[in-house]
Amino acid sequence: MYSTEYDHVVNNRRSNRRFDTSINVPDEVITRSLERAIKSPNSSNMQLWEFYWIKSNEVKQKMHPLCLNQSAAKTADHLIVFVVRKDLWSIRAKWNLEKIKHAIGNNTPNKMQKRALQYYGKLMPLIYRNDPFGINTLIRMIISHGAGLFKPFMRMNGKADQRVVAHKSCALAAQTFMLSITAEGYDTCPMEGTDTIRIRKLLNLPYGAEINMVIAVGKGTADGIYNERMRLPFEEVVYTL
């Protein structure tokens, strides 16, 4: 069924770079949108993300120069920092394991549950574990390239592959959040032009945490839309096989 409501949300989601500072976005709008973001699809349900909701004027003022003095950061009512936490893989794998074990209880696990126990108990450590000498990376390379000679196989080698997977999942959550804010009648601006090292320090994040993006939220203004939306033609980017 064709959804005009969803069309409206997608077509009205624009990166607004200047917000009306006289209009506040209610906390419940942010809360609902973050709750929706948490429901976003993500790799293996590992949920290697955290969302830092900045609404105090003191912290927002500190964030402004770290967002390279962008107008969206200066005029935003709220700032949400989407953070990748690949370093939490063992904790999140254990969380999934406990959920599965709880569902099994005192019963004998079925075939799907057995596979899930193996998945989070053995496969996730194989995919995400690293060591100073690169031994785990070498093992992954041998397995993926060896198995890939005989059948389709996911190539998950070093830290770069792990980072790509985690950042893709976090970006999906960010998009869900932005669409939700649009549906609520407000506006967003995702900002990549930021000093991620200083933001990580400001938020007191550990070394393993990485900034995915900062999203400014507010009530957009006409001046905040710099130009018409320009996209490449459908036939130039979509290929039907």
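So that you can scan it fast, the table gives a plain yes or no per residue for (1) surrounded by 13 or more Cβ atoms within 10 Å (Cβ to Cβ); (2) closer than 30 Å to THR194 by Cβ; (3) free of Cβ contacts under 8 Å to residues at least 40 places away in the same chain:
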| residue | (1), (2), (3) |
| --- | --- |
| LEU79 | yes, yes, no |
| SER90 | no, yes, yes |
| LYS101 | yes, no, yes |
| ASN106 | no, no, yes |
| LYS111 | no, no, yes |
| LYS114 | yes, no, yes |
| GLY121 | yes, no, yes |
| LEU138 | yes, no, yes |
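Report yes if some residue within the range 179-190 is assigned to a loop (DSSP other than H, G, I, E, B), in contact with a Gly (Cβ under 9 Å, 6 or more places away or on another chain) and outside the structural domain of TYR128 (by TED's automatic domain parsing); otherwise report no.
yes
Exactly one condition in (1) in the same structural domain as ILE127 (by TED's automatic domain parsing); (2) aliphatic (A, V, I, L, M); (3) touching a Phe, Trp or Tyr at 6+ places or on another chain (Cβ under 8 Å) is not met by ALA103; state its number.
(3)
Outside the structural domain of THR194 (by TED's automatic domain parsing), of a type outside the set (Gly, Ala, Ser) and either modelled with pLDDT of 95 or more or surrounded by fewer than 16 Cβ atoms within 10 Å (Cβ to Cβ) (or both), is that true of ASN69? Please lay out each step first, then the result.
On the way: outside the structural domain of THR194 (by TED's automatic domain parsing): no; of a type outside the set (Gly, Ala, Ser): yes; either modelled with pLDDT of 95 or more or surrounded by fewer than 16 Cβ atoms within 10 Å (Cβ to Cβ) (or both): yes.
It is false that ASN69 is outside the structural domain of THR194 (by TED's automatic domain parsing), of a type outside the set (Gly, Ala, Ser) and either modelled with pLDDT of 95 or more or surrounded by fewer than 16 Cβ atoms within 10 Å (Cβ to Cβ) (or both).
I'm trying to understand the selection: among the residues of the range 188-235, which are surrounded by fewer than 21 Cβ atoms within 10 Å (Cβ to Cβ), farther than 28 Å from GLN162 by Cβ and of a type in the set (Val, Ile, Thr)?
THR221, ILE225, listed by residue number.
Can you find even one residue in the range 20-41 that is crowded, with 16+ Cβ neighbours inside 10 Å and farther than 15 Å from ILE181 by Cβ?
No, the range 20-41 has no match at all.
The values are calculated or read from the model by the stated rules, or taken from the named source; none is laboratory data. Computed from a prediction, not measured in an experiment: that's the story for all the values here. All Cβ positions, even for glycine, are placed from backbone atoms using ideal geometry, and neighbour counts span all protein chains on display.
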